[in-house]
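Quick notes on the structure that follows.
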Amino acid sequence: MKRFLAFCLTVLLLAGICTAGVSAKGTETACDGNCAFYPTIIVPGLGQSNVVVVDENGNFVRDKDGKKASAFPAYLQTGKLLKTLLRPALLSLMMQRDVGLSDAFVTALRDSFGVNTCDLNANPIGPVQTEKYPYSYARYNAEEREVVNTHIPFELYPTDLPRDHLYYFTYNSFGNHISLAEELFAYIQMVQQQTGHKKVNLVPLSQGASIVSAMLDYHPEIGDCLHKVLFVVPALDGSRIIGDVFTGRVTFLNKDYLYHGFLENIRLLDAATASLLEVVLRILPDEVWMAALQKGVNYLVEEVMTRSTGMWALCPSGDYKAAAKRYLSSPDRANIKAQTDRYYQAQKRSRANIAALQKKGVQVFDMVEYDYALINVGERWNDTNGDFIIQTDSTSMGATLSRVGETLPQGYKQQNTHCTNPAHNHLSPDGVVDASTGLLPDTTFYFKNQRHDLTQHNDIILKLAMNLIAHDDIRDVYSSPDFPQFNNGRNVKNILELLDKAADVNTKLLLPSVKKELAGAVAQANEVLSKTVDTADALPNAEARLSKALVRAGAKLPEVQAPDVLAPFSAFLFKHFGTNGYSELLKK
Ligand SMILES: [Zn+2]
Ligand SMILES: [Zn+2]
C-alpha cells in the first residue's frame, strides 16, 4: 500500500500537480491527514465482532460449509448436542421424571457457552479468537466487508466519508473490560498514525458505549483526540435485563409464568408457535423443566456471565451492589470484583465525563429508541420505557419517559434539567418523552417503537449516522427538518426485499392493470423510503400495497399467518391443571 502511494505521489509530482500538504510521514490515507473529514471508529455492540473458535493448534474451526465457527453467543455443535441430550431426553420421557436430563442440559450448555468463560482474573480462557481489523475499511477483504455490513450496512447506505477514514474496532463481548478499554485507547492512536489526522470520531453502539465510557474515565486526556462522539443506543448505564438476571429476577424460573405469559409475551415468536410450545411443554412433568432451567441459568450466570467483566459492564449502576454481593463476594472472586468496582465508579461518572468532553469542544450526539418494552426475561421488563434490550434511562442519559403504552401525566411540564433555552420544546408530540432531563437534550434523536436489535434495518438512523460521521452541518436536533428530535422507528428490510422482487418481474408479460398497480406500488414504496421523517403508517401501507401487487403479478405467494388454534386449549390446561404435565393429569 505504501509503495503504491509512493508510486502515485511520483506520478502526481511528475505530472507537475502540486498536492498541498502531502508529506512523507508514512500515512495510509490519500489525504495524508489533510482533509476536512475525520477518521471515524465504530465501536460495535454485543456480538457484532467476529469471535471464532480455534482448535488446539490455533487453526480456525470450520463448519460443514467451510465457514469459521462462531463463538458468539455460543459454539453450537448440533451433533454433539444431540448425542448429549437424546438418551436422557428419551429416558425422561419414558419414565416421566428427570433421568439425567437436567444434568445433560447443563453439559450441553457447557459445551456451547463454555468457550466464552473467563478465569478468576476475568481473562477469557476459551479457545476463541477475535478477528481484528487494524486497518481501514478501504483495505477490508470481501469477508471482512460482509461481517461489518451485517451489523452496519455501509454498502447499502453510503457515507461521504472516504473509506480509508473508516475503522471498525472489534472485541470479544465476553472479554476483559479493562483490557478492551486500553485496547480502544491504543486503537485510536493507531488510527491517528495511519490517517495522519489528529482528531477522530467515535461511534459507540450499545455495549460499545460501555467500553468508550470506561476509556473516558481511565484516560480523560483522550478527549483531546476526539472531534465527535456519536452514541447509538448506548448501554451507558447497562441493561436492566442483565440487572435482573444478576440479582436473581429471571421471569421464566417462575413456573406459572413459564406456562402462561412468558412465551406469549416474548415477542420473538408468533402466537401460534407460542401456544404450541406451551402445549408441548406438558409432555414432561413441570419439575423436569424447572430443574433443567434452574441448573442451566445457574451455570450460565455463575460460570460464564459473572466471570466476564464485559458482561458486568452491562449491569446498571443501581443494581451493581446487590449483584456484586450475590456473585462476587466470595474470596476467589476478589480479583474480578476489584475490576468491576473500578468500572462501577466509571459508570457513575459517565455523564460527568461526557459533559467534560463537551466542555473541551467535542461534539456529542446520541440516538435513542423507545416505546418498546424490554424482553420479558427479567422481572422488571415492563416497569420502564425501553428499546427491547436497554431501558431508555441508560441510552438517553437520563431522559424522563412514561412507561411503554402510557404517556406522561396530564399537565406535565418540561423539566429543563439540561436545556437552558426556554424556546426549546423537548416534549415528544406523543406525550411520552421529556428529553430535557437527558444530558444532551439538543443533540439526542429519539425513535419511537424501534427495536434495539433491529437498528440496522432503520434506514433513517443509518442515513443520519452516515451524515454525522462525514459532515458537520447537522449540529443539533434543530439543524435539519429532515432529522427532527422525535421520529418513528421502522424496519425497511422487508420492503427492500419486495422492491428487489419487483425489479425482477418481467413487466412486458403482465396485463396492463396488473402492471400499472405494480408500478404504482413501487413508486409509493420508493416515495416512503426517500423520506427521513416517518409517519407511523406510511411504511406498513406501502409494504402491504407492494406485497399485494406482487402477489397479483404472480411474483410472490400470499402471506398466510397460522391461526393460533391452540391458545384456548393451553389456557384451559393452565386454568384447570396448573403447570402439570400430561402424565400427572392422567394420574388425577
Ligand atoms: Zn483525511
Ligand atoms: Zn434545548
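The values are calculated or read from the model by the stated rules, or taken from the named source; none is laboratory data. Note that this is a predicted model, so its numbers are computed, not measured. Because the Cβ atoms are built from the backbone with ideal geometry, glycine has one as well, and the counts that use them run over all protein chains shown. Please note that ligands, DNA and RNA were not included when accessible areas were found on the heavy atoms of the full protein model with its side chains. Shrake-Rupley method; radii C 1.70, N 1.55, O 1.52, S 1.80 Å.
The table below gives the values:
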quantity: Residue match in region 357-372 (condition: charged (D, E, K, R), part of a helix (DSSP H, G or I) and not assigned by TED's automatic domain parsing to the domain that holds Gly261); calculated: yes
quantity: Pairs where the first residue, in region 465-479, is free of Cβ contacts under 8 Å to residues at least 12 places away in the same chain and the second is open to solvent by 50 Å² or more (accessible area, probe 1.4 Å) and not in a helix (DSSP H, G or I), C-beta under 6 Å, 6+ apart; calculated: none
quantity: Positions within region 420-459 being near ligand 2 (Cβ under 10 Å from one of its atoms), within 13 Å of Val477 (Cα to Cα) and among the hydrophobic types (A, V, I, L, M, F, W, C), in sequence order; calculated: Ala435, Leu440
quantity: Residue check for Lys531: more than 34 Å from the chain's Cα centre (by Cα) and open to solvent by 30 Å² or more (accessible area, probe 1.4 Å); calculated: no
quantity: Selection status of Ile178, open to solvent by 30 Å² or more (accessible area, probe 1.4 Å) and away from ligand 1 (no atom under 16 Å from the Cβ); calculated: yes
quantity: Filtered residue count, region 280-299, keeping only those that are open to solvent by less than 20 Å² (accessible area, probe 1.4 Å), touching a Ser or Thr at 6+ places or on another chain (Cβ under 7 Å) and part of a helix (DSSP H, G or I); calculated: 3
quantity: Residue match in region 164-171 (condition: open to solvent by less than 40 Å² (accessible area, probe 1.4 Å), charged (D, E, K, R) and either within 16 Å of ligand 2 (Cβ to nearest atom) or closer than 30 Å to Leu499 by Cβ (or both)); calculated: no
